[in-house]
Amino acid sequence: MQLTTNDKQFGFWTLRRSGVPNIAIANKLGISRQAVSRALILMDEKIGSTMSEMAQSNQIAIEKINPERGVLIGRSIPFKTAAIIFVSEKHGVQVWYEHDGDCGSCQRYTGCIELLWDYAQELGIRLENTADPTKMAEELFEKVKAMI
């Protein structure tokens with residue numbers, strides 16, 4: 001299932017995830033609270049299905065899933081390590097495996113920092129470790145796990 005991050009329902013979902021109540025979303029957009037609720041139920045189903053399909057295709061055993069937050073916690077069967085699937089407004093659906101990388105020599109260093117920083121901001125999480133993507137990921141995902 002393709003998750004479209006630029007549709008209206010996804011916009012409702014991101015507002016709710018950032019703490020905006022349904023009634024405030026409805027008032028802001030001039031629609032009924034029931035319309036917002038129905039859209040959010042559908043969006044939760046889409047996000048849950050998308051993350052479950054991503055877990056299946058990446059051979060990740062699901063431990064916890066929270067469609068309202070857009071987070072799936074699991075364990076990679078082939079890599080024998082913790083894995084997290086998350087939905088980012090800016091980066092779409094992402095899979096992150098727990099690992100100790102050599103971040104200083106990696107070509108994706110800047111991209112990983114940007115991804116983690118953006119995701120933390122979307123969730124309103126403040127990060128202390130911001131120079132090493134591995135440390136950032138450990139801190140971020142511990143805080144995310146505590147949220148769900």
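The values are calculated or read from the model by the stated rules, or taken from the named source; none is laboratory data. What you see is a predicted model, and the numbers here were worked out from it, not measured in a lab. Neighbour counts run over all protein chains shown; Cβ positions are idealised from the backbone, glycine included.
Cβ-Cβ contacts under 7 Å between residues 6 or more apart (or on different chains), taken from a first residue in the stretch 101-124 that is touching a residue at least 40 places away in the same chain (Cβ under 8 Å) to a second residue that is of a type in the set (Ser, Thr, Tyr) and not in a helix (DSSP H, G or I), are listed as Glu122/Ser88; Gly124/Ser18.
Looking at Gly70, Gly92, can you tell me which residue is within 30 Å of Val36 (Cβ to Cβ), touching a Ser or Thr at 6+ places or on another chain (Cβ under 7 Å) and of a type outside the set (Asp, Glu)? Reasoning before the result, please.
Details: Gly70 fails: touching a Ser or Thr at 6+ places or on another chain (Cβ under 7 Å).
Every option except Gly92 fails the conditions.
Could you check the stretch 70-99 and list, in sequence order, the residues that are buried (at least 17 other Cβ atoms within 10 Å of the Cβ) and closer than 15 Å to Ile47 by Cα? Hits for the stretch 70-99 are Gly70, Val71, Leu72, Ile73, Ile84, Ile85, Phe86, Val87, Ser88, Glu89, Val93, Val95. Which ones in the stretch 1-30 are surrounded by 14 or more Cβ atoms within 10 Å (Cβ to Cβ), farther than 18 Å from Asn66 by Cβ and modelled with pLDDT under 95? If the condition is that a residue be surrounded by 14 or more Cβ atoms within 10 Å (Cβ to Cβ), farther than 18 Å from Asn66 by Cβ and modelled with pLDDT under 95, then Gly11, Leu29 are the ones that fit. Against the condition more than 15 Å from Thr14 (Cβ to Cβ), small (Gly, Ala, Ser) and in contact with a strand residue (DSSP E or B) (Cβ under 6 Å, 6 or more places away or on another chain), how does Ala55 come out, does it pass? Yes: the conditions hold for Ala55.
Those residues that are outside any strand (DSSP E or B) and of a type outside the set (Asp, Glu), I need them from the stretch 78-91; list them, please. Scanning the stretch 78-91 gives Pro78, Phe79, Lys80, Lys90, His91.
Scanning the stretch 125-148 for residues that are β-branched (Val, Ile, Thr) and either touching a residue at least 40 places away in the same chain (Cβ under 8 Å) or outside any helix (DSSP H, G or I) (or both) returns Ile125, Thr130, Val144, Ile148.
Checking each residue in the stretch 100-134 for being over 18 Å from the mean Cα position of the chain (by Cα) and surrounded by 13 or more Cβ atoms within 10 Å (Cβ to Cβ) picks out Gly101, Cys103, Cys106, Tyr109, Asn129, Thr130, Asp132.
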